[in-house]
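These notes are about the structure you will find just below.
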Amino acid sequence: MQRTDRSHEEATIEMFRNDPALATEYLNDVLATGDEVDLMLALRYLSNAFGGIQEIARQANANPNTMYRTLSEKGNPSLKTLRAVLSAMGLRLAVQPIH
């Protein structure tokens, strides 16, 4: 029997996986309105959409255990690590003027 229901998290992850522009909008909103804890949560959430933390670590040439710690609630990634994580997700860091 095929499962016909799924959690909100599963549905959202699938939406991000299928629509990187939506993932970008989500992350930009977190960066604009959230704090560091919100950012780490968003990065962990998005990592699931883009293959999981182990896959993100592999693509970022990082140790998976280190990546788990880096993306934890108390994580504090360096700019280099943040850029590598975003790149593994097919995203990049950019600066925009405040309107």
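When residues in segment 57-73 are screened for being under 19 Å from residue 35 (Cα atoms) and touching a residue at least 24 places away in the same chain (Cβ under 8 Å), 3 of them pass.
Sub-6 Å Cβ pairs linking a first residue in segment 76-99 that is within 16 Å of residue 16 (Cβ to Cβ) to a second residue that is exposed (fewer than 14 other Cβ atoms within 10 Å of the Cβ), at least 6 apart or interchain, are 86/92; 86/93, ordered by first then second residue. Comparison of 57, 32 shows that the only residue that is in contact with a Pro (Cβ under 7 Å, 6 or more places away or on another chain) and not in a loop (DSSP other than H, G, I, E, B) is 57.
Hey, could you check segment 32-44 for residues that are over 12 Å from residue 88 (Cα atoms) and surrounded by 13 or more Cβ atoms within 10 Å (Cβ to Cβ) and say which is farthest from the chain's Cα centre (by Cα)? Please lay out each step first, then the result.
At the first step, the residues of segment 32-44 found to be over 12 Å from residue 88 (Cα atoms) are 32-42, 44.
Filter once more, so that each one left must be surrounded by 13 or more Cβ atoms within 10 Å (Cβ to Cβ): 34, 38-42, 44.
Numbers: 34: 14, 38: 11, 39: 8, 40: 8, 41: 8, 42: 5, 44: 5 Å.
Per the criteria, the residue is 34.
Every listed requirement among (1) over 23 Å from residue 11 (Cβ atoms); (2) assigned to a loop (DSSP other than H, G, I, E, B); (3) of a type outside the set (Gly, Ala, Ser) is met by residue 82 save one, (2).
Inside segment 31-56, can you point out the residues that are over 20 Å from residue 19 (Cβ atoms), touching a residue at least 24 places away in the same chain (Cβ under 8 Å) and of a type in the set (A, V, I, L, M, F, W, C)?
Keep residues of segment 31-56 that are over 20 Å from residue 19 (Cβ atoms), which gives 33-40, 53-54.
Subsequent filtering for residues that are touching a residue at least 24 places away in the same chain (Cβ under 8 Å) retains 36-37, 40.
Residues satisfying the conditions are 37, 40.
Among the residues of segment 45-63, those that are surrounded by 15 or more Cβ atoms within 10 Å (Cβ to Cβ) and touching a helix residue (DSSP H, G or I) at 6+ places or on another chain (Cβ under 7 Å) comprise 46, 47, 48, 49, 50, 53, 56, 57, 59, 60, 62. On the stretch given as segment 2-24, residues that are surrounded by fewer than 17 Cβ atoms within 10 Å (Cβ to Cβ) and either aromatic (Phe, Trp, Tyr) or modelled with pLDDT of 95 or more (or both) total 0. Residues that are within 18 Å of residue 79 (Cα to Cα) and β-branched (Val, Ile, Thr) were ranked within segment 25-48; the one that is modelled with the highest pLDDT is 30. Once segment 64-99 is narrowed to residues that are at pLDDT 90 or above and of a type in the set (Val, Ile, Thr), the residue that is surrounded by the fewest Cβ atoms within 10 Å (Cβ to Cβ) is 66.
The values are calculated or read from the model by the stated rules, or taken from the named source; none is laboratory data. Being a predicted model, the structure only gives us computed values, none of them experimental. We place every Cβ from the backbone using ideal geometry, glycine too, and count neighbours over all the protein chains shown.
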